[in-house]
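Before any comments, here is the structure.
FYI, it's all coordinate maths here, none of it is from the lab. Because the structure is a prediction, the values reported are computed rather than measured. No Cβ is skipped: glycine too gets one built from the backbone with ideal geometry, and neighbour counts run over all protein chains shown.
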Amino acid sequence: MLNKIITVIVVALLVIGIYIIIQSFDNKDSETEGILYVGSGEDADYSSIQDAIDNASDGDIIYVSPGTYIVEGKIAPITGILINKSISLIGTSYLDTKIIGDFAVLTIIANWTNISGFSIISNATYKSAVYFKDAIRIRGANNCRIENNNISSNNFPYGMGITLHESNNNTIVNNTISNNFSLGISLSSSCENNKIYYNNFINNSVNAKDEGNNTWHTGKYGNYWSDYNGTDANDDGIGNTPYNLTGGDNQDLYPLMTPYVSQTAQEFQVDEGLLYRTLVIALVAAILFVLPIGYMWYRKYYRIK
C-alpha cells in the first residue's frame, strides 16, 4: 500500500513539474510586453519617441534605433519630449542616435527615469526671455539616472546642458557636456543628494552651477573640467586642489586631469523574466531527478516485505 502511495506522489509531482515548465514558456510573451522600439524600420513599434512614451507604462523600456530625431518645441508647455512616466529611454549609442530640438529637448517629471545612449542637442534659436532652452530638464523628479550621453548646443548664445530643480537623489554619470553657452549643468537650491561624477565638462561658458547640496565625486574620482587650472604633482590623474563650482560652496574634490573614458565597453542587462523561468525550470528538474533516485533507494533498503 505504501509503495502505491509513493508512486502516486511521484507521478503527481511529475505532472505538476511539466505543467509549471509549460506555463513558464507560455508566459514569455506577456513578460516582454514592457519593451517598446522606436525607429523607421518594419520592426519598430513607433517612429516617434513621444508616441512611444505616451503609450508606455511605468517600468517599461524604450529602445531607440540609430537615427536623428527632430523634436519641435511647444509654447505650452515649453518642452520637446515630455517624460512623465518612470521609464528607461535607451539609444543605441550617442555616436549614432541623436535627438535635436528647440526649447527643452527632454523634460523629465517622473521619478526613476533613465536616459542613456544619446546625443542630445539643444538647437535653441527662440530669442525670448523664457529660460527653457535646456537639452535636459529635470523638474521635481527623483532617483533618475542620466548616463552615457553627449549633451551640447548647436547655436550660441541660447543653449544649455542639464538643469535640475526640486529634484533629489539623481545620478548623472559618464556624460560629455560641451559647448553650451549659458551653463553646462545647473542645480537649484532645492536640489539635494544628487551625484555627479565621471562626466566631461568641456568648453561651456560656465561648466557647472550648484546652489544646492550635492556630491561631485565618488569619494575617489570626480569629473573632468576643461577650465581646471590645478596641477597633479604625483601623476595619479587627480588634481591636487578641488574644483570650485559656481553658485555656492560645492566642490569637486577629485577633479580628473584628462577626460574620462568609460572602462565598460558594453553594459549587460538582465532579463528578469528569463532568469525567473530558468530558476523555476532548474528547481523542477532537480526535484524530478532526485525523486526517482530517492524512491529506488527507499525500495531497495526500507521497503516493507
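The table below lists the values:
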item: Per-peptide average of other Cβ atoms within 10 Å, ordering 50-58, 111-119, 187-195, 172-180 highest first; result: 172-180, 111-119, 187-195, 50-58
item: Within-11-Å neighbourhood charge of N250 [Cβ basis; K, R +1; D, E -1]; result: -3
item: Segment 162-168 - phi-based ³J(HN,Hα) in whole Hz, Karplus 6.51/-1.76/1.60, Gly and Pro as x; result: 10, 10, 10, 9, 6, 10, 10
item: Tail fraction, Cα-Cα pairs, segment 46-269, threshold 29 Å, whole percent; result: 21
